[in-house]
Amino acid sequence: MWWRSQTDPETANTVFRLADYFQTPGQTIPDVHGVGSTVDEEGRRVPLLVLDEALDPDYLNIEKRLLKWRWRGLIFAGGDPKNERSRLFVPLHRAGPQVERLLENWNVPRNTRIFFSAPPEPLDAGPGARIWAERRDATLGFRVRVGNRTVFSTAGHLVRALPCTIVKHSRSLLGEDRIEGIGSVKFWNDPKPPLALAGIGGVDVAIVEPDGNHTNGPDSEAILANPPDVPDQASVILFGAKSPNRRGWIDGALQATRALDGRIWKNCWSVVGGHGGFAKRGDSGGPVVIDGGVVLGHLVCALGMKFWTGRFQCGLVQDIHSIVDYVESKYGTSSTILQPGLKV
């Protein structure tokens, strides 16, 4: 299940066509990092391409780049990102002749928007976060009821092989390190070849079966975001281990996004952060919810510029329905995402 416009089938068909090019050997373009859609200044759904930042006509113009950075919070406190999308997404006709030549074989519509970005990066890291997947930072995502058991979700790219234990690190008032077992990974899918499992490429998820009483929390069923009904620029909150309670705004729906290592994420939301960025390494797997508690998905990677805070400009959020479909395919039964019970 993923976004398809109910009112603009032409744009939807264009996005699916460009996504096919993006993933087809012989047609893919290395400097294209992602394909999806966004909304233009007049509220119309339009195609969106994520291109390498080196293609930005202002990439080597330090003075212009400093002006662009101002709103991103690198020098001064910038404006509200909800009102700054026109600076983030460039119309195709203003992206420069190099970009037009690059895309000439893709038959890209003139109303397409361009986002110049560093290559997407999965947000794992070395030791340091409150939750570890072996020696990699992680954040537990949602509690999922499957039959008579409750499990956790997190990002699949954190797992290298099974068995993989998940532990919690904390420090006492006396400065002593404490390690508490959380559980073990039961299933995982990393969308990186050749690790991506056949038939479920693009989904970045791992399922953790907990030890003891680590499933405590509300038992009520969560409300899941229905992609076609998600408001443009909806305000969301990321609950990460390294970046607790970071606010951002949905600015696009990406059909497919590729990292330099060949990992391809599918069916993800693009979220832009406010002053100081949205997410940093160690936030992978963190729950992202729309204001009001509607579940959007969990964080898997970062896009855009890296700020002085260590956070990245944008985050990529795996659609919650893709996570549910994966869980149900592995357990062979229906599942329920439980209310996160997180505090703002």
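The values are calculated or read from the model by the stated rules, or taken from the named source; none is laboratory data. Worth saying up front: this structure is predicted, and the values here are computed from it rather than measured. Note: ideal-geometry Cβ built from the backbone for every residue, glycine included; neighbour counts use all protein chains shown.
Exactly one residue out of 324, 317 is in a strand (DSSP E or B) and among the hydrophobic types (A, V, I, L, M, F, W, C), and it is 317. Out of (1) among the small types (Gly, Ala, Ser); (2) more than 19 Å from the chain's Cα centre (by Cα); (3) assigned to a loop (DSSP other than H, G, I, E, B), the odd one out for residue 310 is which? Residue 310 satisfies every listed condition except (2). Whenever a residue of segment 244-259 is free of Cβ contacts under 8 Å to residues at least 40 places away in the same chain, it has no partner that is small (Gly, Ala, Ser) and part of a strand (DSSP E or B) lying with C-beta atoms less than 6 angstrom away and at least six residues away or across chains.
Taking each residue of segment 92-104 that is within 14 Å of residue 35 (Cβ to Cβ) and touching a residue at least 12 places away in the same chain (Cβ under 8 Å) and looking for partners that are loosely packed, with under 14 Cβ neighbours inside 10 Å and not small (Gly, Ala, Ser) with beta-carbon atoms closer than 6 Å, six or more apart or interchain, yields 92/110. Among the residues making up segment 146-169, those that are in a strand (DSSP E or B), surrounded by fewer than 17 Cβ atoms within 10 Å (Cβ to Cβ) and either hydroxyl-bearing (Ser, Thr, Tyr) or modelled with pLDDT of 80 or more (or both) are 149, 165.
Within segment 292-302, none of the residues are closer than 16 Å to residue 204 by Cα and outside any strand (DSSP E or B).
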